[in-house]
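**Student:** Below you'll find the structure I mean.
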Amino acid sequence: MPCLEVTTNIRVQDKNKLMRSLSDCVCTELCKAETYMMVIINDDVSMFFGGNEEPVAHVTLSALGLKDELIGKLAGDLTEMIQTQAGIESPRIYIVFKDAEPGKWAWDGRTFA
């Protein structure tokens, strides 16, 4: 159910390692099975932030039942992973958290409502 999408203007050198790390982090924090976890890396995208084209990332985490008390820890952990593995400084990483409505999220042809 969780879907984490990272968009960045750099070329991520080891996408597989980053995707696995991010997947493990989200699944652990949300107590979700990795069977349903999706990670998307959109790298080498034209992006402009803060008046320049220095390395930057925009991250969106969508999940069913995303609890407010988990967002702070996830924000720190995801930022640290992206900074460490992709080399993007933390002030240049935006993360958007979306608590999806079960009736507006589908898998295998059916919504979760």
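Read-outs throughout are calculated quantities, based only on the coordinates presented, and are distinct from any laboratory measurement. Owing to the predicted nature of the structure, the values given are computational and were not obtained by experimental measurement. Note that we place each Cβ from the backbone using ideal geometry, even for glycine, and neighbour counts take in every protein chain shown.
**Student:** Please list, in order along segment 94-108, the HN-Hα scalar couplings obtained from phi with the Karplus expression 6.51 cos²θ - 1.76 cosθ + 1.60 (θ = phi - 60°), rounded to whole Hz, x for Gly and Pro.
**Tutor:** Per residue, the Karplus-derived 3J(HN,Hα) values read 9, 10, 10, 9, 10, 8, 6, 7, x, x, 10, 9, 10, 8, 6 Hz.
**Student:** Next question. Are there any chymotrypsin sites (Phe, Trp or Tyr not before Pro) in segment 5-90 that are in a DSSP loop and have at most 15 other Cβ atoms within 10 Å? List them by number.
**Tutor:** F48
**Student:** So, one more: Percent relative contact order of segment 3-111, based on C-alpha pairs within less than 8 angstrom and at least six residues apart?
**Tutor:** 33 percent.
**Student:** Check which residues have an amide H placed less than 5 Å from I95's amide H, if you skip close sequence neighbours.
**Tutor:** Amide H to amide H, under 5 Å and 5 or more residues apart or across chains, I95 pairs with V59.
**Student:** While we're on this one: Tally the DSSP beta bridges in segment 3-113 and give the antiparallel ones as a percent, rounded to 5.
**Tutor:** So the antiparallel bridges amount to about 40 percent of the total.
**Student:** Counting DSSP beta bridges with both partners in segment 1-68, what percentage is antiparallel, nearest 5?
**Tutor:** Approximately 60 percent, going by the DSSP bridge assignments.
**Student:** Just to be sure I understand the model, the point goes 7 Å from the Cα along the line to the Cβ. What's the resulting A100 to A75 distance in nm?
**Tutor:** So the label points at A100 and A75 sit 2.2 nm apart.
**Student:** Would you tally the net charge around W105, using a Cβ to Cβ cut-off of less than 14 Å, leaving W105 out, and scoring K and R as +1, D and E as -1?
**Tutor:** +1
**Student:** Each residue of segment 78-83 in turn: what ³J(HN,Hα) in whole Hz from Karplus with 6.51, -1.76, 1.60 and θ = phi - 60°, glycine and Pro shown as x?
**Tutor:** 5, 4, 4, 5, 5, 5
**Student:** Name the long-range amide H neighbours of L66: under 5 Å, sequence gap of 5 or more, or other chain; modelled H, no Pro or chain starts.
**Tutor:** A100
**Student:** Under the 0.36 nm per residue contour assumption, what length would be gained going from the current alpha-carbon distance of N42 and R20 to full extension?
**Tutor:** 6.4 nm
**Student:** Express in nm, to one decimal, how much length is gained between D108 and T35 on full extension, taking 0.36 nm for each residue of separation and deducting their alpha carbon distance.
**Tutor:** Additional length available on full extension: 25.0 nm.
**Student:** Given the options G87, G50, G65, state which has the largest fluctuation in a GNM of the chain using a 10 Å cut-off (strictly under) for Cα springs.
**Tutor:** With Cα springs under 10 Å in the chain, the top fluctuation among G87, G50, G65 is at G50.
**Student:** What value, in deg cm²/dmol to 500, does the helix sum -39500 (n - 2.57) over DSSP H runs of n ≥ 4 give at 222 nm once divided by the residues of the chain?
**Tutor:** Counting only the DSSP helices, I get -10500 deg cm²/dmol.
**Student:** Let me ask something else. Just one of (i) 9.0; (ii) 6.8; (iii) 7.3 is mean projected area of the Cα convex hull in nm² calculated from these coordinates, so which is it?
**Tutor:** Of the labelled values, this structure produces (iii).
**Student:** Would you mind getting me the FRET efficiency between E89 and E53? Use the beta-carbon distance for r and R0 = 22 Å, nearest 0.05.
**Tutor:** 0.95
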